[in-house]
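Chemist: One structure, as structure tokens, below. Some questions next.
The values are calculated or read from the model by the stated rules, or taken from the named source; none is laboratory data. Keep in mind that what you see is a predicted model, and the values were worked out from it rather than measured. With ideal geometry, Cβ positions are generated from the backbone for all residues, glycine too; neighbour counts draw on all protein chains shown. Protein only, heavy atoms only, side chains kept; ligands, DNA and RNA dropped before computing areas. Shrake-Rupley method; radii C 1.70, N 1.55, O 1.52, S 1.80 Å.
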Amino acid sequence: MGDEVTSAADGGSVVGPVARGPADDGRTGGARGGAHGAHLGRVIMQWLDELSECSEDPGELTRRYLTPEHAQAADIVMRRMREAGMSAWLDAVGNVVGRAPGRQPGTRRLILGSHLDTVRNAGKFDGALGVMLPIVCLKSLHERGERLDYPVDVIAFGDEEGLRFQATLIGSRAVAGDFDPELLSVGDEDGVALREALRDFGLDPEAVDEARYRRDDVAGYVEVHIEQGPVLEAENRPVGVVTSIAGATRLRVEIIGRAGHAGTVPMDLRRDALAAASEAVIAVERICSGIAGAVGTVGVLRTLPGAVNVIPGAVEFTVDVRAGNDGHRRSALRQIDEAFAAIAARRGGLFDTVTTHETGACECSPGLIDRLGGAVAAEGLAVRELPSGAGHDAIAMAHLTDVGMLFVRCRDGISHHPAESMTEADAEVAARVMLRFLERFDPNEGRSSR
């Protein structure tokens, strides 16, 4: 059926309430068909397939911020937004913004969205699902001639993963008014500064603040995202409502030792930077394993000069520490710093540690949790609330407004990997839940206190 997003089988309004019976099963959700139409999941999957072709690595999905592949993906998203009856444009930092007007002028807008960039050799659902799913929902409304009382913006953030400039949430921080101007001087692996990359993309780096939203204009932010974990699949649930998002700190660490000939320097006279790094990696694992709810990861490690017959003279590596409790995260970081200092003193090396990213734990709005839960229940599903261990644009958007998130089951909990997968049936359920949420959302209700 191509891009068909509605079904006339019921002849009803896409926004009218419909009684739902118990779920058919854990995978498909409530009664089939109905007032919210059919085939939404199919269209979402088709659109995600199309977007996954925008990649700089043949045979893999890698889409970095402010690259030709980002521009290609942005063009596709803007085209889909316009098909949904929205106006669409690139903002000052390369986010794609789509705007659906509401029937009542002067009403605060709801923002929906997620990110377009990926990690290297990624899956096609992380981020992109939260961009395409709300557009499909708004297209369904548009094709039935229905309009919500309040305006809705869908934002496809240009950078969340931080792959290119090693600074995450650039797009959503700019929208939330939390952009650090010092980031403009940060360079990528080729030495291209963010300021230069923005110019090359046709944007003005001095106009970044124009992407910012006014707090009084926004009623809330809601993000749909694959779970990136195994809980929903283990419990046979298609969707879940997020209660909180873990805080995260990223470090870039450089260890300076002394390079030397692999055959001539005795073991007791070496200052092997890689041996010191090995101890540091194990220390991160040991410390985070001993703190409730904390996780620590060394994801990148580079050895210099990197020759088989040379003692490593320098090592660069990253550390990612997360926890749902900020006190636990800070405790882990303090212990890691102490462990690194002890290793340096014992081995005679120099540890240089720089914090490249830090966000506190984020609580989702109780009001949005309740509304999302009500939409899930309206589809005949039990409501499962769960925290997120992964970071999301919602963390940055919490500086602007109340945030809520809907998780969608993913196969085996795999993410940041080509094997990342979800089903069309679950995409359908998530789209129906989103439509339920949109029809019941009241932008005039007060925000929760934060």
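Chemist: Answer with yes or no whether SER185 is open to solvent by 40 Å² or more (accessible area, probe 1.4 Å) and of a type in the set (S, T, N, Q).
Modeler: On the way: open to solvent by 40 Å² or more (accessible area, probe 1.4 Å): yes; of a type in the set (S, T, N, Q): yes.
Considered against the rule, which asks whether it is open to solvent by 40 Å² or more (accessible area, probe 1.4 Å) and of a type in the set (S, T, N, Q), SER185 comes out as yes.
Chemist: Sticking with this structure for a sec: Report those strands (runs of 3 or more DSSP E) wholly inside region 74-187 carrying at least 1 residues which are touching a Ser or Thr at 6+ places or on another chain (Cβ under 6 Å).
Modeler: Working: elements: 87-90, 96-100, 109-115, 152-157.
Per the criteria, 96-100, 152-157.
Chemist: Would you be able to tell me the number of residues in region 81-107 that are aliphatic (A, V, I, L, M), open to solvent by less than 10 Å² (accessible area, probe 1.4 Å) and under 21 Å from GLY177 (Cα atoms)?
Modeler: Residues that pass the stated criteria total 3.
Chemist: For region 330-379, which positions are part of a strand (DSSP E or B) and among the hydrophobic types (A, V, I, L, M, F, W, C)?
Modeler: To start, the set of residues in region 330-379 that are part of a strand (DSSP E or B) comprises 350-359, 362-363.
LEU350, PHE351, VAL354, CYS362 - these are the residues of region 330-379 that are part of a strand (DSSP E or B) and among the hydrophobic types (A, V, I, L, M, F, W, C).
Chemist: Select, from PHE179, PHE165, the only residue that is open to solvent by 10 Å² or more (accessible area, probe 1.4 Å), among the aromatic types (Phe, Trp, Tyr) and out of contact with any Phe, Trp or Tyr (no Cβ under 6 Å at 6 or more places or on another chain).
Modeler: PHE179
Chemist: Name the one entry in VAL383, VAL433 that is surrounded by 16 or more Cβ atoms within 10 Å (Cβ to Cβ) and either free of Cβ contacts under 8 Å to residues at least 12 places away in the same chain or part of a helix (DSSP H, G or I) (or both). Spell out how you get there, then give the answer.
Modeler: Details: VAL383 fails: either free of Cβ contacts under 8 Å to residues at least 12 places away in the same chain or part of a helix (DSSP H, G or I) (or both).
Unique residue meeting the criteria: VAL433.
Chemist: From (1) modelled with pLDDT of 95 or more; (2) touching an Asp or Glu at 6+ places or on another chain (Cβ under 7 Å); (3) over 21 Å from ASN236 (Cα atoms), pick out the condition that doesn't hold for VAL408.
Modeler: (3)
Chemist: Which residue is nearest to VAL354 (Cα to Cα), if the candidates are limited to region 286-318 and must be open to solvent by less than 30 Å² (accessible area, probe 1.4 Å) and part of a loop (DSSP other than H, G, I, E, B)?
Modeler: The selected residue is GLY313.
Chemist: Of the numbered conditions (1) under 22 Å from ALA427 (Cα atoms); (2) open to solvent by 10 Å² or more (accessible area, probe 1.4 Å); (3) not charged (D, E, K, R), LEU110 satisfies every one except a single condition; which is it?
Modeler: Condition not satisfied by LEU110: (2).
Chemist: Still on this structure: In region 234-254, how many residues are within 30 Å of THR423 (Cβ to Cβ), open to solvent by less than 10 Å² (accessible area, probe 1.4 Å) and at pLDDT 95 or above?
Modeler: 5
Chemist: Being open to solvent by 30 Å² or more (accessible area, probe 1.4 Å) and either under 13 Å from LYS124 (Cα atoms) or among the basic types (Lys, Arg) (or both) is the filter here; which residues of region 394-414 pass it?
Modeler: Looking only at region 394-414, we keep the residues that are open to solvent by 30 Å² or more (accessible area, probe 1.4 Å), and these are 399, 411-412, 414.
Those that are open to solvent by 30 Å² or more (accessible area, probe 1.4 Å) and either under 13 Å from LYS124 (Cα atoms) or among the basic types (Lys, Arg) (or both): ARG411, ILE414.
Chemist: Also, I was wondering about something else. From the residues in region 356-411 that are β-branched (Val, Ile, Thr) and within 15 Å of the chain's Cα centre (by Cα), which one is farthest from ALA248 (Cα to Cα)?
Modeler: Taking region 356-411 and keeping what is β-branched (Val, Ile, Thr), we get 356, 359, 369, 376, 383, 395, 401, 403, 408.
With the extra rule that they be within 15 Å of the chain's Cα centre (by Cα), the set shrinks to 359, 395, 403, 408.
Numbers: THR359: 5, ILE395: 10, VAL403: 18, VAL408: 22 Å.
Result: VAL408.
Chemist: A further question follows. Mind listing whichever residues of region 195-225 are without any contact (Cβ under 8 Å) to a residue 40 or more places away in the chain and either assigned to a helix (DSSP H, G or I) or touching a Ser or Thr at 6+ places or on another chain (Cβ under 8 Å) (or both)?
Modeler: Of everything in region 195-225, those that are without any contact (Cβ under 8 Å) to a residue 40 or more places away in the chain and either assigned to a helix (DSSP H, G or I) or touching a Ser or Thr at 6+ places or on another chain (Cβ under 8 Å) (or both) turn out to be ARG195, GLU196, ARG199, PRO205, GLU206.
Chemist: Within region 34-73, can you find the residues that are in contact with an Asp or Glu (Cβ under 7 Å, 6 or more places away or on another chain), without any contact (Cβ under 8 Å) to a residue 40 or more places away in the chain and in a helix (DSSP H, G or I)?
Modeler: GLU69
Chemist: Answer yes or no: is there a residue in region 258-272 that is part of a strand (DSSP E or B) and either open to solvent by less than 60 Å² (accessible area, probe 1.4 Å) or under 29 Å from VAL186 (Cβ atoms) (or both). Don't jump to the end; show me each part of the working.
Modeler: Step one: list which residues in region 258-272 are part of a strand (DSSP E or B), which gives 258, 260-261, 271.
Within this subset, residues satisfying the condition of being either open to solvent by less than 60 Å² (accessible area, probe 1.4 Å) or under 29 Å from VAL186 (Cβ atoms) (or both) are 260.
Scanning region 258-272 turns up at least one residue that is part of a strand (DSSP E or B) and either open to solvent by less than 60 Å² (accessible area, probe 1.4 Å) or under 29 Å from VAL186 (Cβ atoms) (or both).
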